[in-house]
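> Okay, handing you the structure first.
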Amino acid sequence: MATTLTHFPLEGPVLVVDDPEEDAAQAVRAQGRDVVRWSRMDTPGGEVGSPWPSPGPFGAALVRLPPSRNALDFLLHAVGSVVAPGGRIFVYGSKDEGIASTGRRMEPWVETVAVRANARRCRVLEGQLKGTDSRPAHGAELSAWRTVSTVDLGWGPVDWVSYPGTFAKGGVDPGTTLLLTNLPLWPRGGRVLDFAAGTGVLAAVMAHRDPTAQVVMVEPDALSREAAGENVPGGSFAPPYSWWEAGPFHAIVSNPPYHRGKEESLEVLASLIARAPGALVSGGELRIVVQRRLPVEPLLREGFPAPEVVVDEGPYRVWRALRL
Ligand SMILES: C[S@@+](CC[C@H](N)C(=O)[O-])C[C@H]1O[C@@H](n2cnc3c(N)ncnc32)[C@H](O)[C@@H]1O
């Protein structure tokens, strides 16, 4: 895929976006080009995501197709603001992920879109970046992507900050609503964790319920953290791949992810459940909301003596598991 870059006389380093395994970065380096990597997500390998790329200028950018249109528009703006005029933007992904309809979304930034590689299921699209005057003027800095909506978390309307690609699009997910109306108890001033915090809905409700609580959030997406930092001003963050070291907690709550890209995966949920007993005080509680169809009970039973369903409503179950 990255061999397509050799055909062009590029100036400057190449920005490689969302490449956790470093496959694309290595292919570009193998051609003697300098690489700067950027991802909004922290990686298990210890890289910390950032909400906006470093300023460049870059000769080209390689963008892995993100899961939503909104997130793609954001990435194209971010990349378009740091690739030099005339530089190349490559977007790659599979047909299942929607690469076939991606060219249209690149058009505001690039002169023309060409298909540079077309394997059975994957495609690489390439465009030459327009001059600064002919690109969309709006959106060349992170602040332009900050959205403020209004949510009701149980005590009247609240301003809520979100960014493209953050969970629930500036609103409150129905699973989260079920959990926030069935939160666990903890001793006043206790230490509570919102695992997979997104923009911080559960953390905000816990902070409102007990303003003396020490509210900690775990969230690997730097843009979600940016929003959650504003939505939960007294909260703090623990690193997503060693969060248990920030314990012990009196309560851990979560509406956890069960997808990796577009594929369903229980990996993060299983890891949360496996780590939770060691990260809770004695008598502390893990409370999670998950879709009823998911096989959570065997996972919970491995670490907790008597997990139970406290709410069973629509497609969701709220589970509680006490550490003895
Ligand atoms: C279902 S959303 C819930 C967000 C928020 N708690 C809410 O209810 O609105 C799941 C969140 O998990 C985050 N996430 C993805 N991988 C993760 C990981 N390895 N550890 C913790 N959170 C993760 C996603 O970025 C996303 O914000």
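> Find the helices (runs of 4 or more DSSP H) located wholly in the stretch 216-324 whose residues include 1 or more that are under 27 Å from GLY170 (Cα atoms), and list them.
On the way: elements: 222-231, 267-279, 297-303.
Result: 222-231, 267-279.
> Inspect all residues belonging to the stretch 235-242 and state whether any of them is within 23 Å of SER39 (Cα to Cα) and touching a His at 6+ places or on another chain (Cβ under 7 Å). So that I can check it myself, show each step before the final result.
Of the residues in the stretch 235-242, the ones within 23 Å of SER39 (Cα to Cα) are 236-242.
Right, trim to touching a His at 6+ places or on another chain (Cβ under 7 Å) and you get none.
Within the stretch 235-242, not a single residue is within 23 Å of SER39 (Cα to Cα) and touching a His at 6+ places or on another chain (Cβ under 7 Å).
> Checking the conditions here, which among ALA84, ALA119, ALA114, ALA78 is modelled with pLDDT under 90 and either at negative phi or among the β-branched types (Val, Ile, Thr) (or both)? Walk me through how you get there before you give the answer.
Working: ALA84 fails: modelled with pLDDT under 90; ALA114 fails: modelled with pLDDT under 90; ALA78 fails: modelled with pLDDT under 90.
Of the residues listed, the single one that is modelled with pLDDT under 90 and either at negative phi or among the β-branched types (Val, Ile, Thr) (or both) is ALA119.
Residues checked against (1) more than 9 Å from the ligand (Cβ to nearest atom); (2) part of a strand (DSSP E or B); (3) modelled with pLDDT of 95 or more; (4) surrounded by fewer than 21 Cβ atoms within 10 Å (Cβ to Cβ):
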| position | (1), (2), (3), (4) |
| --- | --- |
| LYS169 | yes, no, no, yes |
| THR176 | no, no, yes, no |
| ASN182 | yes, no, yes, yes |
| LEU185 | yes, no, yes, yes |
| GLY189 | yes, no, yes, yes |
| LEU193 | yes, yes, yes, no |
| ALA197 | no, no, yes, no |
| LEU202 | no, no, yes, no |
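> Same structure, new question: Out of THR147, THR112, THR166, report the one residue that is in contact with a strand residue (DSSP E or B) (Cβ under 6 Å, 6 or more places away or on another chain) and among the hydroxyl-bearing types (Ser, Thr, Tyr). Let's see the steps before the verdict.
Numbers: THR112 fails: in contact with a strand residue (DSSP E or B) (Cβ under 6 Å, 6 or more places away or on another chain); THR166 fails: in contact with a strand residue (DSSP E or B) (Cβ under 6 Å, 6 or more places away or on another chain).
Testing whether each residue is in contact with a strand residue (DSSP E or B) (Cβ under 6 Å, 6 or more places away or on another chain) and among the hydroxyl-bearing types (Ser, Thr, Tyr) leaves just THR147.
> Are any residues in the stretch 133-154 acidic (Asp, Glu), under 24 Å from PRO55 (Cβ atoms) and not in a loop (DSSP other than H, G, I, E, B), and if so, which ones? If you could, list the steps in order and put the result at the bottom.
Quick first cut of the stretch 133-154, residues acidic (Asp, Glu) only: 133, 141, 152.
Remaining after also requiring under 24 Å from PRO55 (Cβ atoms): 133, 141.
Listed by number, the list holds a single entry, ASP133.
The rows are residues; the columns are (1) in contact (Cβ under 8 Å) with a residue 12 or more places away in the chain; (2) within 16 Å of the ligand (Cβ to nearest atom); (3) surrounded by fewer than 22 Cβ atoms within 10 Å (Cβ to Cβ).
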| position | (1), (2), (3) |
| --- | --- |
| PRO44 | yes, yes, yes |
| ARG69 | yes, no, yes |
| VAL79 | yes, no, no |
| VAL113 | yes, no, yes |
| ALA117 | yes, no, yes |
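> Okay, moving on. Would you call PRO315 on the phi < 0 side of the Ramachandran plot and within 16 Å of the ligand (Cβ to nearest atom)?
yes
> May I ask you to verify whether GLU219 is in the same structural domain as SER162 (by TED's automatic domain parsing), within 12 Å of the ligand (Cβ to nearest atom), farther than 20 Å from ASP152 by Cα and buried (at least 17 other Cβ atoms within 10 Å of the Cβ)? Lay out the reasoning, then the answer.
Working: in the same structural domain as SER162 (by TED's automatic domain parsing): yes; within 12 Å of the ligand (Cβ to nearest atom): yes; farther than 20 Å from ASP152 by Cα: yes; buried (at least 17 other Cβ atoms within 10 Å of the Cβ): yes.
When the stated conditions are applied, GLU219 passes them.
> Any idea which of (1) closer than 23 Å to VAL318 by Cα; (2) out of contact with any Ser or Thr (no Cβ under 8 Å at 6 or more places or on another chain); (3) more than 14 Å from the ligand (Cβ to nearest atom); (4) in a loop (DSSP other than H, G, I, E, B) is the one PRO211 doesn't satisfy?
Of the numbered conditions (1) closer than 23 Å to VAL318 by Cα; (2) out of contact with any Ser or Thr (no Cβ under 8 Å at 6 or more places or on another chain); (3) more than 14 Å from the ligand (Cβ to nearest atom); (4) in a loop (DSSP other than H, G, I, E, B), the odd one out for PRO211 is (1).
> Residues in the stretch 278-294 that are surrounded by 19 or more Cβ atoms within 10 Å (Cβ to Cβ) and away from the ligand (no atom under 12 Å from the Cβ): how many? First the steps, then the outcome.
The first filter runs over the stretch 278-294 and keeps only residues surrounded by 19 or more Cβ atoms within 10 Å (Cβ to Cβ), leaving 279-280, 284-290.
So of that shortlist, the ones also away from the ligand (no atom under 12 Å from the Cβ) come out as 279-280, 284-287.
Number of matching residues: 6.
The values are calculated or read from the model by the stated rules, or taken from the named source; none is laboratory data. Not measured: the values here are computed from a predicted model. Cβ atoms come from the backbone with ideal geometry, glycine included; neighbour counts cover every protein chain shown.
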